[in-house]
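Report on the following structure.
Every number in this text was worked out from the coordinates using simple rules, so none of it is lab data. This is a predicted model, so every value here is computed, not measured. Here the Cβ positions follow ideal geometry from the backbone for every residue, glycine too, while neighbour counts run over all protein chains shown.
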Ligand code: PLI
């Protein structure tokens, strides 16, 4: 008790109104389920999963206000009032002029890639994301990674590992010419690097660089509110700015953004695409009716747009962000205390286990991160995701595996869903898999889909 004296804890800024029972399974059931799923956690049934850390995408808990908003859905085909609420929320919090809803992030990525990339052009970005790069390639572009080198080193504790190295941009322009660059593709809290943020200083420098070369700068705003929290915490001069102010300033240096609203914005489905240039907007608005739906619903129901408009406002609240990122960090610190290798520093949406350090006896072609996800599931029914060589796919030109430096297993934390006690259970299961690491065997891929193979690939034990 003496140690507790003077202690003042800080807790989540919400309480729980509705609960959903969790499923527990035996080791034998999990073995059968994993074999049936071809050792791919994407192919498990969620009924066979205990704590689901596959993704933070579409898995967050909505607030009572968002659920109330669902009842106010205006399901008109055209001109739904909920669209106007969504448009106003994006304009207010992200600052862009013209807004198009899409069914989710990749719907927006498809449209911007089609319109803004000419076949043969290059698209420099701060590390690839699976769907983003796939759409850039389908549009005839070639993605070029221009993130700083520290991002590829799991042990580097650089505070802004999402930053772009401007010297790499200069080298690309010197090699290919500015007219062969479609745009800069800049993502907030870089997913594949471990949820690592981009600094305000970096986007300011990128804006100046873009203006000098006449190249556009578009954002993947998927986890940009989380990025704003890290700027508030780490970047000199921003401690007294709110997350909302920082988000707005950050977007102000860009020409537009696409968004998977299923992450930051606390909804189960939705996305958007927003730009400032009217001519570009017109082209996108014209295409959206072919691929997503009318420009005032873009594949979403009115009720989904209402929940999203409310979720955007909730997502930029400082206390929400503090508790969200605080929970991720809590899990990361438990693992660090036990000497378990994770990507440093702990990022925004997930703790990333360094599978190469878990399994130095496995070659990367034996899918160590996939093995780790499988072992964790077998141990406790916790579902995680491979973010290594399987996710990286193949070079469409050479057909060779992309071989990323990072071979990671992602423990992704849904927002407002699990408690601190769940994080303890997760940490203890990771510890037991770590203790048994020497026995792990590699995997061989037995089925490989052409696009985004990690979603549906199947494996067997070597
Ligand atoms: O899953 P979508 O189509 O709503 O969004 C695609 C997408 C775009 N950008 C980024 C940075 C993402 O993380 C992203 C989707 N991410 C998923 C599904 C994830 O599990 O990380």
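The table below gives the values:
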{"quantity": "Stretchable slack from residue 448 to residue 318, in nm (0.36 nm times residue separation minus alpha-carbon distance)", "calculated": "42.5 nm"}
{"quantity": "The stretch 1-101: C-alpha gyration tensor shape, a/c 1.5 cut-off, then a/b vs b/c", "calculated": "oblate"}
{"quantity": "Length-normalised contact order of the stretch 334-459 in % [C-alpha pairs under 8 Å, at least 6 apart]", "calculated": "29"}
{"quantity": "Approximate spin-label separation residue 234-residue 152, in nm, with each point projected 7 Å along Cα-to-Cβ", "calculated": "2.0"}
{"quantity": "DSSP beta bridge pairing in the stretch 196-312, given as percent antiparallel to the nearest 5", "calculated": "60"}
{"quantity": "Share antiparallel - DSSP beta bridges, the chain, percent rounded to 5", "calculated": "65"}
{"quantity": "Packing rank of 291-301, 419-429, where each peptide gets the mean count of other beta carbons within 10 Å, highest leading", "calculated": "291-301, 419-429"}
{"quantity": "Cα shape, the chain, gyration tensor, a/c 1.5 rule", "calculated": "rounded"}
{"quantity": "Contact order normalised by residue count of the chain, Cα under 8 Å, 6+ apart, percent", "calculated": "23"}
{"quantity": "Over the stretch 1-90, relative contact order from alpha-carbon pairs under 8 Å, at least 6 apart, %", "calculated": "18"}
{"quantity": "Pairwise label distance in nanometres, residue 211 with residue 166, each label 7 Å out on the Cα-Cβ vector", "calculated": "1.2"}
{"quantity": "Rough spin-label spacing in nm, given labels placed 7 Å along Cα→Cβ, for residue 67 and residue 36", "calculated": "3.0"}
{"quantity": "FRET E, pair residue 17, residue 333, Förster distance 35 Å, beta-carbon r, rounded to 0.05", "calculated": "0.75"}
{"quantity": "Stretch gain in nm, segment residue 456-residue 245, where the contour uses 0.36 nm per residue and the Cα spacing is subtracted", "calculated": "71.9 nm"}
{"quantity": "Residue 24-residue 420 FRET efficiency (beta carbon distance; Förster radius 30 Å; 0.05 resolution)", "calculated": "0.95"}
